[in-house]
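J.: Here it is, the structure, as structure tokens.
The values are calculated or read from the model by the stated rules, or taken from the named source; none is laboratory data. Note that the coordinates shown come from a computational prediction; the quantities given were computed from them, not determined experimentally. No Cβ is skipped: glycine too gets one built from the backbone with ideal geometry, and neighbour counts run over all protein chains shown. Ligands, DNA and RNA are stripped out before the accessible areas are found, and what is left, the full protein with its side chains, is counted by its heavy atoms. Shrake-Rupley method; radii C 1.70, N 1.55, O 1.52, S 1.80 Å.
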Amino acid sequence: MTQDPTTADVLDVESIGIRFGGLTALRDISFAVRAGEVVGLIGPNGAGKSTVLNCICGFYKPSTGTVRIDGEDVCGAVPHTLRGRGVVRTFQETLLIEDVPLIDNVMLAGTELRLREMLLSPFGTLRARRRYRDARDRAYALMEDYGLGAWAGATAASVPYGVRKLAEVARAQYAQPRLMLLDEPAAGLGPVDAEALADRLVELSAAGIAIVLIDHNMDFVARAARRVVVMSAGAVLAEGSPAQIRDDEAVVEAYLGAGGHRAGDR
């Protein structure tokens, strides 16, 4: 029987572990993310959250366990191969090209145009110019969705940090991903912008995109994510809905604190 793509696991992390020399960074990490689901990955400083993303997207190869994308073991696959499978990632520190306009940074995530093509398209054939114009129109419309239209022509180096973070998420969406791995996308955003971004991620999940979300702001994570995985010292401490996580005594004691508002820096 054919599996319903809306309920299939896009990502399946099964018992992964990794060591760096004598240091065990991850131990027996397991969780899955379905198409159309946002899963929050939270934990205190040094919990190993970014290391998990690095194992998923191919920067690290786990020492033990498996990572499956759409049911296929991808351990050992290099990042550009996984990108071809629809896996995109943002980082805690933005990786924009500083002297390039934001709209061009967003466009560089697409598969339809490479940097050389972008530079030559305005001067090329009618077909090339049309491709370039269509791609640029799509990038600008997406930036408008994120409230970045006014910054489209500004260089990445000249815009506020929060704008850079939103541009990274817009760039990830521009790549038309199947799985988004977002590392602290709300850093530098005020409460209103963070709420708008959380709602945007919910919309993307409703369109079938699977999302793994790391962020220090528990209110933001709770607004965006259906399920939360809590990590501590390289292992999974708890998993459940945001409400269940807030009420978990082990999580509160180890991490959230009495107020339950922060998801902690790594």
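J.: Just one of (1) in contact (Cβ under 8 Å) with a residue 40 or more places away in the chain; (2) closer than 12 Å to V13 by Cβ trips up G71, so point out which.
T.: (2)
J.: Further question on the same structure: Would you pick out the residues in the stretch 173-206 that are open to solvent by 10 Å² or more (accessible area, probe 1.4 Å), among the small types (G, A, S) and touching a strand residue (DSSP E or B) at 6+ places or on another chain (Cβ under 7 Å)?
T.: A175, S205
J.: May I pose another question? Consider F59 against the criteria (1) open to solvent by 70 Å² or more (accessible area, probe 1.4 Å); (2) under 17 Å from A235 (Cα atoms); (3) in contact with a helix residue (DSSP H, G or I) (Cβ under 9 Å, 6 or more places away or on another chain): it satisfies all of them except one. Which criterion is unmet?
T.: (2)
J.: Can you find even one residue in the stretch 214-230 that is surrounded by fewer than 21 Cβ atoms within 10 Å (Cβ to Cβ) and over 21 Å from Q92 (Cβ atoms)?
T.: Checking the stretch 214-230: at least one residue is surrounded by fewer than 21 Cβ atoms within 10 Å (Cβ to Cβ) and over 21 Å from Q92 (Cβ atoms).
J.: Give the residues of the stretch 89-107 that are surrounded by fewer than 17 Cβ atoms within 10 Å (Cβ to Cβ), within 21 Å of R136 (Cα to Cα) and among the charged types (D, E, K, R), sorted by residue number.
T.: Within the stretch 89-107, E98, D99 meet the criteria.
J.: Criterion first (crowded, with 16+ Cβ neighbours inside 10 Å, modelled with pLDDT of 95 or more and β-branched (V, I, T)) does T51 satisfy it?
T.: yes
J.: Scan the stretch 65-88 residue by residue and report those that are in contact with a Leu (Cβ under 9 Å, 6 or more places away or on another chain), farther than 23 Å from Y174 by Cα and open to solvent by 50 Å² or more (accessible area, probe 1.4 Å).
T.: R68
J.: Also, quick follow-up: State which residue pairs qualify: first residue closer than 19 Å to K49 by Cβ and at pLDDT 95 or above and inside the stretch 184-206, second residue assigned to a helix (DSSP H, G or I) and open to solvent by 40 Å² or more (accessible area, probe 1.4 Å) in any location, beta carbons under 7 Å apart, and separation of 6 or more residues or different chains.
T.: Note: pairs meeting the criteria are A198/R223.
J.: Still on this structure: Return the total of residues in the stretch 130-152 being in contact (Cβ under 8 Å) with a residue 40 or more places away in the chain, under 14 Å from R164 (Cα atoms) and in a helix (DSSP H, G or I).
T.: Number satisfying all stated conditions: 2.
J.: Can you pull out every residue in the stretch 156-170 that is in contact (Cβ under 8 Å) with a residue 12 or more places away in the chain and assigned to a helix (DSSP H, G or I)?
T.: If the condition is that a residue be in contact (Cβ under 8 Å) with a residue 12 or more places away in the chain and assigned to a helix (DSSP H, G or I), then A156, A157, Y161, G162, V163, R164, K165, L166, A167, E168, V169, A170 are the ones that fit.
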